[in-house]
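First up is the structure itself, then whatever we jot down about it.
Every number here is computed from the coordinates shown, using simple stated rules; none is lab data. Computed from a prediction, not measured in an experiment: that's the story for all the values here. Cβ placement follows ideal geometry from the backbone for every residue including glycine, while neighbour counts extend to all protein chains displayed.
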Amino acid sequence: MRLFDLSGKVAIVTGGNGGIGLGMARGLAEAGAAVAVAGRDAAKNAEAVAELARLGARAIAVAVDVTSEDSCKAMVARTVQELGRCDILINNAGTNIRKRPEEYTLAEWRFILETNLTSAFVCSLAVYPEMKKAGGGKIVNIGSMMSIFGASFTTPYAASKGGIVQMTKAMACAWAQDNIQVNAVLPGWIDTALTRQARAQIPGLHEKVVARTPAGRWGVPDDFAGIAVFLCSPASDFLTGTAIPVDGGYSVQGAA
Ligand code: NDP
């Protein structure tokens with residue numbers, strides 16, 4: 001269907017070598033996009049590229065550390081050099097350190113804010129000239145349930161993910177005139193490397209998430225293929241500045 005067709009489009013997915021990012025990259029690839037898989041780990045990048053190639057997509061691996069402005073600029077330059085353009089950016093790379101607020105060092109706060117929030121600003125600025133040149137583009141920022149709620153063990157992460165939503169709105173307003181749509185996706189609890197670590201640290205987390213989620217299960221990376229295609233395709237051309245929960249109903253569950 002043309003509405004969801006991404007043939008001829010080029011996407012960068014930061015953190016596209018695993019978890020939610022790879023789930024989104026698979027969706028984009030299946031819809032016809034060429035994909036630059038951008039992450040720090042070369043082996044994971046190569047594996048993800050091989051997987052996308054098996055789906056019939058053109059894909060390249062791009063080494064990037066999103067906490068470095070130079071590295072983000074080089075990621076965009078390399079993508080344009082190899083794939084010819086850049087129409088889609090998914091700001092997905094992210095990290096977390098779980099502690100009570102009074103236990104964080106300033107360096108840890110900065111590391112989380114830089115990885116999760118500043119990186120999305122820097123990468124968006126780096127792709128903006130390419131999207132403008134192409135006559136439009138799509139930026140998708142990955143937030144979290146911590147964009148909406150708080151939790152005692154996640155102060156800098158919640159600050160970064162709340163910031164993602166407000167940055168999304170501001171950029172959506174600024175760049176609508178360039179036909180660039182900027183939206184955020186707020187995942188619920190998804191089974192990835194990041195949350196496997198959380199489940200190991202927080203006793204009972206697995207069961208609590210299942211009990212609180214109306215869908216009755218944890219999400220999986222492939223749950224993000226559809227929203228990625230929708231937000232990166234002509235189907236969403238009049239949708240900008242939103243933050244869409246993809247959470248099995250977690251964020252709308254009231255008291256029983
Ligand atoms: P993963 O740990 O599987 O993925 C994180 C990705 O980010 C990896 O691909 C990693 O690649 C990349 N990354 C981390 N730091 C950097 C860096 N400095 N430079 C470049 N890449 C980096 O976790 P998820 O898939 O769960 O997380 C993806 C996003 O989804 C994150 O933004 C996370 O906050 C968000 N999210 C996840 C939820 C969940 O339940 N899983 C819930 C809500 C939000 P590499 O190792 O190669 O650097």
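Screening 140, 185, 165 for residues that are surrounded by fewer than 23 Cβ atoms within 10 Å (Cβ to Cβ) and either within 13 Å of the chain's Cα centre (by Cα) or closer than 22 Å to residue 229 by Cβ (or both) leaves exactly one candidate, 165. I need the full set of residues from segment 77-97 which are within 15 Å of the ligand (Cβ to nearest atom), within 16 Å of the chain's Cα centre (by Cα) and crowded, with 24+ Cβ neighbours inside 10 Å, in order please. Across segment 77-97, the qualifying residues are 89, 90, 91, 92, 93, 94. When segment 134-143 is filtered for residues that are in a loop (DSSP other than H, G, I, E, B) and among the β-branched types (Val, Ile, Thr), nothing remains.
Name the single residue, out of those in segment 110-128 being of a type in the set (S, T, N, Q) and within 11 Å of the ligand (Cβ to nearest atom), that is surrounded by the most Cβ atoms within 10 Å (Cβ to Cβ). Ranking the candidates gives 116 first. Taking the conditions exactly as written (over 23 Å from residue 2 (Cα atoms) and in contact (Cβ under 8 Å) with a residue 24 or more places away in the chain), does residue 180 satisfy them or not? So residue 180 does not fit the description; no. Which residues, taken from segment 149-165, are more than 11 Å from the ligand (Cβ to nearest atom), out of contact with any Gly (no Cβ under 6 Å at 6 or more places or on another chain) and not in a loop (DSSP other than H, G, I, E, B)? Across segment 149-165, the qualifying residues are 155, 156, 159, 162, 163. Taking every residue in segment 143-157 that is within 10 Å of residue 99 (Cα to Cα) and pairing it with any residue that is near the ligand (Cβ under 9 Å from one of its atoms), at least 6 positions away or on another chain, the pairs with Cβ-Cβ distances below 6 Å are 154/146. With respect to (1) surrounded by fewer than 19 Cβ atoms within 10 Å (Cβ to Cβ); (2) away from the ligand (no atom under 11 Å from the Cβ); (3) not aromatic (Phe, Trp, Tyr), the lone exception for residue 205 is condition (2).
Does residue 230 qualify as being under 15 Å from the mean Cα position of the chain (by Cα) and either away from the ligand (no atom under 14 Å from the Cβ) or polar (S, T, N, Q) (or both)? In short, yes.
Residues of segment 168-180 that are buried (at least 18 other Cβ atoms within 10 Å of the Cβ) and in a helix (DSSP H, G or I): 168, 171, 172, 175. Only one of the listed residues (67, 14) is within 13 Å of the ligand (Cβ to nearest atom), hydroxyl-bearing (Ser, Thr, Tyr) and surrounded by fewer than 21 Cβ atoms within 10 Å (Cβ to Cβ). That residue is 67. Exactly one residue among 146, 131 is outside any loop (DSSP other than H, G, I, E, B), over 14 Å from the mean Cα position of the chain (by Cα) and within 14 Å of the ligand (Cβ to nearest atom), and that residue is 146. Pick out the one residue from 36, 48, 25, 29 that is under 21 Å from residue 128 (Cβ atoms) and touching a strand residue (DSSP E or B) at 6+ places or on another chain (Cβ under 6 Å). 36 is the lone residue from the list that is under 21 Å from residue 128 (Cβ atoms) and touching a strand residue (DSSP E or B) at 6+ places or on another chain (Cβ under 6 Å).
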